[in-house]
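These notes concern the structure reproduced below.
The values are calculated or read from the model by the stated rules, or taken from the named source; none is laboratory data. Source: prediction; values computed, not measured. With ideal geometry, Cβ positions are generated from the backbone for all residues, glycine too; neighbour counts draw on all protein chains shown. The area values use the complete protein model at the heavy-atom level, side chains included, leaving out ligands, DNA and RNA. Shrake-Rupley method; radii C 1.70, N 1.55, O 1.52, S 1.80 Å.
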Amino acid sequence: MILRITVWLILGFLVAPIAIIVLFSFHATPALSFPFQGFSLRWYAELLGNAALGAAVVKSLVIATATAMTCLVLGGAAALAWLRVGGRTRLALEVLWLTPIALPGLFVGVSLLVLFAQAGLQLSTFTIVIGHVVIALPVLILTMRARLSLFDPSLEEAARDLGANQFQVFRRVTIPLIMPTLVAAAILAFAVSFDEFIVTVFVAGTETTLPMYVWSMMRRTVTPLINAVSTLALVFSIAVLFAAWAIGHLKRKTAIAARTQQ
Amino acid sequence: MRLSNQTTGRLLAAPAAFYMSLFFVAPTAVLLVYSFWRAASYQIIPDFVFSNYLNALASALFWRVTGNAITIGLITAAATLILAIPVAYYLTYVRKSQAILYLVLITWFSSYLVRVYAWRTLLGTSGVLNTVLLQLGLVDAPVEALLFSRFAVAITLIHVYLPLCILLVASSLRDIKPELVEASRDLGTSQLGAFFRVVAPNAANGLIGAFMLTFILVAGDYVTPQMLGGPSGQTTGLLIADQFRKTGNWPLGAAQAFIMFALSILLYGAITLAGRWSGLLPGARRRQGAGA
């Protein structure tokens, strides 16, 4: 009983600040403290007319999509590789693929900045995507790894025994089996990129993503306008997470259903 | 021609391995090289000098902010771990609640900046916390020290990294058989006893790993100290970030980054040793088992 109360108190600590942000995004006055003086959508209405914010959202969507696609291709191949190599090669690859997640974003950001400066590469949307992939790829691979340990290699062997060549096995057995997991993991990579700020600061040059725009708002003042942007970003993140979860589950079900029908 | 599994595997691993070598390993190497160069009148000159390291180590400012970073890092990592353990324990051994799991995942994926901003509005002089304290009559005037202090930085970072820590601890508990915990509970041990006698010794490596990862991420954070730290809550991360964003002395910033990295590794070694001596880590576990 004590344990249960403790757990819910801790979860309350996690959720309460976020809930308060959401609540005050609907506040009728600019004050950010109780007593609450009535609901209003004025801050959301004010956001609609903000062209700079719109441009930042579009930029972030483009970057997140490019990041997710790159991660999907690189991570998909990596996942297939992970199923095939063993022992020391696997360990070496994991160290290479997963270390960026265990370092502060600051370290990744400044080292990319010096690399780009040394290579004479102009900072742009392109360099932001490069940085985001370094951060998102480990997340994608880590997510996939847990699922892939359930992958049954005997299905590939069976296809091969039945006379399928390597390409056919790959196209008709392996890809359909790992695709749902892969797509779900790529959506997580999208979410990571959409929210990324710490690395972006160093590799963005003059570009402005949504988190960078929000940051510039926060530095100027505290206004419910930021609460409204935050709430929308939160709703978007939850929607993206839900999409990842739903695709992972639904596709797996249809894949199994299709197999049993044939 | 049929390629062996191992060969196909290596070919498939190549793109991601190449990408990480090019954009993670190579930049780290370039940063290391930079730390031996020197900056003179806003230009960076290739060289091989140790002056960046020596200057950083001789600077009182560097040690002050590093002291801050380590204090905030240790407090935050310890508090995060202590808060993560009950939740992870509950999720693993008492009830596998999907609701709690999704709650944790949602907070982890909710924007970092939003959470920093949330604490900024909560802790401000006209913020929620101060108004509540005033209304309860606990204080006479708004407490200004809530915002722009080490306390503000620590509590924000605890909030930011707690979900990750819960997930890490839960995954390290998953390797311990629930039967062991059930057996100790049947024999009359309390939940707390079961944790300290059964779970902690077996999960010690995972718990220390979670602690260290949180410490490294927290000590290297520069956004929260900038937003909430004020003059007394500055950290090494912020100092390094400013070398690259403002002052433009990249070689010095690079050297500071590697010193911070080395300090983290030293700390990891120290904690592992302390764990062995105190009997929490394997090696000394047998003795504890015999005594129980």
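Is at least one residue of region A:128-151 assigned by TED's automatic domain parsing to the domain that holds A:ALA77, open to solvent by 60 Å² or more (accessible area, probe 1.4 Å) and not in a helix (DSSP H, G or I)? Before you say what the answer is, go through the steps one by one.
First, the residues of region A:128-151 that are assigned by TED's automatic domain parsing to the domain that holds A:ALA77: A:128-151.
Add one more test, that the residue is open to solvent by 60 Å² or more (accessible area, probe 1.4 Å), and what stays is A:142, A:145-147, A:149-150.
Now restrict to residues that are not in a helix (DSSP H, G or I): A:149-150.
Checked region A:128-151: at least one residue is assigned by TED's automatic domain parsing to the domain that holds A:ALA77, open to solvent by 60 Å² or more (accessible area, probe 1.4 Å) and not in a helix (DSSP H, G or I).
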Checklist entry - Could you give every pair whose Cβ atoms fall below 8 Å, whose first residue belongs to region A:207-235 and is at the interface with chain B (Cβ under 8 Å from one of its Cβ atoms), and whose second residue is among the polar types (S, T, N, Q) and open to solvent by 30 Å² or more (accessible area, probe 1.4 Å), counting only separations of at least 6 or pairs across chains? => result none
Item to check | Top-ranked residue of region A:1-30 - restricted to ones that are among the aromatic types (Phe, Trp, Tyr) and facing another protein chain (nearest Cβ under 8 Å), ranked as most open to solvent (accessible area, probe 1.4 Å) | outcome: A:PHE13
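Which residues, counting only those in region A:31-59, are in a loop (DSSP other than H, G, I, E, B), away from chain B (no Cβ under 14 Å) and either open to solvent by 50 Å² or more (accessible area, probe 1.4 Å) or in contact with a helix residue (DSSP H, G or I) (Cβ under 7 Å, 6 or more places away or on another chain) (or both)? Before you say what the answer is, go through the steps one by one.
Restricting attention to region A:31-59, the residues satisfying the condition of being in a loop (DSSP other than H, G, I, E, B) are A:31-38, A:40-41, A:49-50.
Narrowing the set further to residues that are away from chain B (no Cβ under 14 Å) leaves A:38, A:40-41, A:49-50.
Hits for region A:31-59 are A:LEU41, A:GLY49.
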Checklist entry - Pick from region B:126-141 the residues that are open to solvent by 50 Å² or more (accessible area, probe 1.4 Å) and within 11 Å of another protein chain (Cβ to nearest Cβ): which of them is nearest to A:ALA19 (Cα to Cα)? => result B:LEU129
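From the list A:ALA158, A:ALA164, A:ALA78, pick out the single residue that is within 8 Å of another protein chain (Cβ to nearest Cβ), out of contact with any Ser or Thr (no Cβ under 7 Å at 6 or more places or on another chain) and among the small types (Gly, Ala, Ser). I'd like the intermediate steps shown before the answer.
Working: A:ALA158 fails: within 8 Å of another protein chain (Cβ to nearest Cβ); A:ALA164 fails: within 8 Å of another protein chain (Cβ to nearest Cβ).
Of the residues listed, the single one that is within 8 Å of another protein chain (Cβ to nearest Cβ), out of contact with any Ser or Thr (no Cβ under 7 Å at 6 or more places or on another chain) and among the small types (Gly, Ala, Ser) is A:ALA78.
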Next on the checklist: Among the residues of region B:197-206, are any without any contact (Cβ under 8 Å) to a residue 60 or more places away in the chain, more than 14 Å from the chain's Cα centre (by Cα) and under 20 Å from B:ARG38 (Cβ atoms)?
Outcome noted: no
Item to check | Checklist (1) at the interface with chain A (Cβ under 7 Å from one of its Cβ atoms); (2) within 24 Å of A:ARG219 (Cβ to Cβ) applied to B:ILE106, failing item | outcome: (2)
Next on the checklist: Restricting to region B:65-76, name every residue that is surrounded by fewer than 17 Cβ atoms within 10 Å (Cβ to Cβ) and in contact (Cβ under 8 Å) with a residue 24 or more places away in the chain.
Outcome noted: B:THR71
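In region B:4-20, which residue that is more than 7 Å from chain A (Cβ to nearest Cβ) and not β-branched (Val, Ile, Thr) is most open to solvent (accessible area, probe 1.4 Å)? Walk me through it before giving the result.
In the first step, residues of region B:4-20 are kept if they are more than 7 Å from chain A (Cβ to nearest Cβ); the result is B:4, B:7, B:11, B:14, B:18.
From what is left, the residues that are not β-branched (Val, Ile, Thr) are B:4, B:11, B:14, B:18.
Working: B:SER4: 58, B:LEU11: 111, B:ALA14: 48, B:PHE18: 135 Å².
In this case the residue turns out to be B:PHE18.
A quick yes/no check of all residues on (1) in a helix (DSSP H, G or I); (2) open to solvent by less than 40 Å² (accessible area, probe 1.4 Å); (3) modelled with pLDDT of 90 or more; (4) of a type in the set (D, E, K, R):
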residue	(1), (2), (3), (4)
A:PHE202	yes, yes, yes, no
A:GLY205	no, no, no, no
A:MET218	yes, yes, no, no
A:VAL222	no, no, no, no
A:ALA228	yes, yes, yes, no
A:LEU234	yes, yes, no, no
Item to check | Number of the condition not met by A:LEU121 [criteria: (1) more than 7 Å from chain B (Cβ to nearest Cβ); (2) surrounded by 15 or more Cβ atoms within 10 Å (Cβ to Cβ); (3) at pLDDT 85 or above] | outcome: (2)
Item to check | All positions within region B:37-47 that are over 20 Å from A:LEU106 (Cβ atoms) and either without any contact (Cβ under 8 Å) to a residue 24 or more places away in the chain or not in a strand (DSSP E or B) (or both) | outcome: B:ALA40, B:SER41, B:TYR42, B:GLN43, B:ILE45, B:PRO46, B:ASP47
Checklist outcome for this item: When B:ARG38 is run through (1) at pLDDT below 90; (2) within 12 Å of chain A (Cβ to nearest Cβ), the failure sits at (2)
Checklist entry - How about region B:65-89: which of its residues are at pLDDT below 90 and closer than 12 Å to A:LEU11 by Cβ? => result none
Checklist outcome for this item: Screening B:LEU123, B:LEU101, B:LEU91 for residues that are surrounded by fewer than 18 Cβ atoms within 10 Å (Cβ to Cβ) and more than 7 Å from chain A (Cβ to nearest Cβ) leaves only B:LEU101
Item to check | Test result for A:ASP161, in the same structural domain as A:TRP245 (by TED's automatic domain parsing), at pLDDT below 80 and open to solvent by 40 Å² or more (accessible area, probe 1.4 Å) | outcome: no
Checklist entry - How many residues does region A:82-99 hold that are within 7 Å of another protein chain (Cβ to nearest Cβ) and surrounded by 24 or more Cβ atoms within 10 Å (Cβ to Cβ)? => result 1
Checklist entry - Could you count how many residues in region B:224-255 are within 20 Å of B:VAL33 (Cα to Cα), more than 10 Å from chain A (Cβ to nearest Cβ) and either free of Cβ contacts under 8 Å to residues at least 12 places away in the same chain or not hydrophobic (A, V, I, L, M, F, W, C) (or both)? => result 4
